[in-house]
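These notes are about the structure you will find just below.
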Amino acid sequence: MPPSPVPTVALAHGARMPRLGLGTWPLDDEGVQPVLERAVGLGYRLIDTAHNYGNERGVGAGLRATGLPREELFVTTKFNKNSHSVRGVRRAAEQSVRRMGIDYLDLLLIHWPNPGRDRYVDAWRGLIELLKAGAVRAIGVSNFKPAHLDRLLAETGVMPDVNQIQLDPRLARVSARAYHAEHDIVTEAWSPLGAGTGLLDEPVITEIAARHGRTPAQVVLRWHLDLGLVVVPKSASPARLAENIDVFDFTLSAAEVAEISALDRGAAGEADALDSDVFGH
Ligand SMILES: NC(=O)c1ccc[n+]([C@@H]2O[C@H](COP(=O)([O-])OP(=O)(O)OC[C@H]3O[C@@H](n4cnc5c(N)ncnc54)[C@H](OP(=O)(O)O)[C@@H]3O)[C@@H](O)[C@H]2O)c1
């Protein structure tokens, strides 16, 4: 298999994470396996799944079918609110590795903070224990706001390697990104292409794409990469899987990055997005 074109980023606790990976929601066990195999053949090494997606068995089958040595792959999964305790996190990790048929996770994330339950710091303590025990190579969170991260730091002294949040040019999360940069947390964007909401039809993006002889999705992914983010676009289409990883041989100018960043809707965009103080599973 040819080497992956995807560069990696160093995480705070020492692991290295590919800067682009495969999103697997909403693929099911059956659907994800051929997509994952195809993606790995194209050079994807980071696979993003979650207990909640109900496809970890299919992800595991796909990983095995690639024949790649385990250490060449980077597997992320996430657990739900009913695992928000030290024991619950240990059990969630054991169950995820069993479902996938692998013997360790690269990155395990608290899927949503669910602050109404007030247990995410316990979940975080569980992740710290797993990291110390070597059961996971990196630990992180998803959908955490700076206030939630402040509490992790105040109560445990340990910050996540990664925070995976919804982020695209119209929802650019400027203050979250600044907070993450200040605390050495890698920002990973979910729904990086805007998840079919018309982002790819924005004239600014289609014009820049035409200028580079690229597709709108490639330009959006390049914008994320040029900002230093990690991205997990999902596609079930062989052609789009190939298109989405073919972004490491061009860059945008600073002016183009700024033009795309000007699509940010700021507070209005954040108000329309899922609020992790309210929503979670
Ligand atoms: N942590 C969280 O709470 C959370 C929440 C949501 C998602 N996620 C993760 O983030 C991943 C990505 O998010 P997402 O799937 O919501 O959104 P996305 O990756 O922004 O967009 C996916 C959609 O765009 C289409 N697409 C993909 N590549 C394209 C291209 N080159 N040109 C045009 N359309 C393209 C896909 O259709 P086709 O498949 O037909 O190509 C699909 O409909 C998920 O799969 C999941 O792993 C995490």
Among the numbered conditions (1) within 11 Å of the ligand (Cβ to nearest atom); (2) crowded, with 17+ Cβ neighbours inside 10 Å; (3) of a type in the set (D, E, K, R), tell me where K145 comes up short.
-> (1)
Using beta carbons and a limit of 9 Å, which pairs, at least six apart or on different chains, have the first residue in the range 227-244 and on the phi < 0 side of the Ramachandran plot and without any contact (Cβ under 8 Å) to a residue 60 or more places away in the chain and the second one more than 9 Å from the ligand (Cβ to nearest atom) and assigned to a strand (DSSP E or B)?
-> L227/T187
How about the range 169-185: which of its residues are in contact with a Lys or Arg (Cβ under 9 Å, 6 or more places away or on another chain) and either within 12 Å of the ligand (Cβ to nearest atom) or β-branched (V, I, T) (or both)?
-> R170, L171
Take the range 210-257 and flag every residue that is in a loop (DSSP other than H, G, I, E, B) and surrounded by fewer than 16 Cβ atoms within 10 Å (Cβ to Cβ).
-> G213, G228, A236, S237, D249, F250, T251, S253
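For the range 182-204, give me the residue count where each residue is assigned to a loop (DSSP other than H, G, I, E, B) and more than 13 Å from V230 (Cβ to Cβ). Working first, answer last.
Applying the first criterion (assigned to a loop (DSSP other than H, G, I, E, B)) to the range 182-204 yields 183-185, 191-198, 202.
So of that shortlist, the ones also more than 13 Å from V230 (Cβ to Cβ) come out as 183-184, 191, 193-198, 202.
So the count comes out to 10.
Mind listing just one residue for me: the one in the range 49-70 that is in a loop (DSSP other than H, G, I, E, B) and surrounded by fewer than 16 Cβ atoms within 10 Å (Cβ to Cβ) and, of those, nearest to the ligand (Cβ to nearest atom)?
If we filter the range 49-70 for residues that are in a loop (DSSP other than H, G, I, E, B), which is where we start, we get 49-50, 54-55, 67-69.
Of the ones still in play, those that are also surrounded by fewer than 16 Cβ atoms within 10 Å (Cβ to Cβ) are 67-69.
Numbers: G67: 23, L68: 20, P69: 23 Å.
For the range 49-70, the residue satisfying everything is L68.
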State yes or no: is H212 farther than 26 Å from D28 by Cα and either of a type in the set (D, E) or more than 14 Å from the ligand (Cβ to nearest atom) (or both)?
-> yes
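Residues are listed down the side, and each one gets a yes or a no for (1) surrounded by fewer than 21 Cβ atoms within 10 Å (Cβ to Cβ); (2) touching a residue at least 12 places away in the same chain (Cβ under 8 Å); (3) within 16 Å of R70 (Cα to Cα):
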site: P3; (1), (2), (3): yes, yes, yes
site: A12; (1), (2), (3): yes, yes, no
site: M17; (1), (2), (3): no, yes, yes
site: W25; (1), (2), (3): yes, yes, no
site: E30; (1), (2), (3): yes, yes, no
site: L36; (1), (2), (3): no, yes, yes
site: L42; (1), (2), (3): yes, yes, no
site: I47; (1), (2), (3): no, yes, yes
E207 vs (1) in a helix (DSSP H, G or I); (2) touching a residue at least 60 places away in the same chain (Cβ under 8 Å): all pass except (2)
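FYI, it's all coordinate maths here, none of it is from the lab. Keep in mind it's a predicted model, so treat the numbers as computed, not measured. All Cβ positions, even for glycine, are placed from backbone atoms using ideal geometry, and neighbour counts span all protein chains on display.
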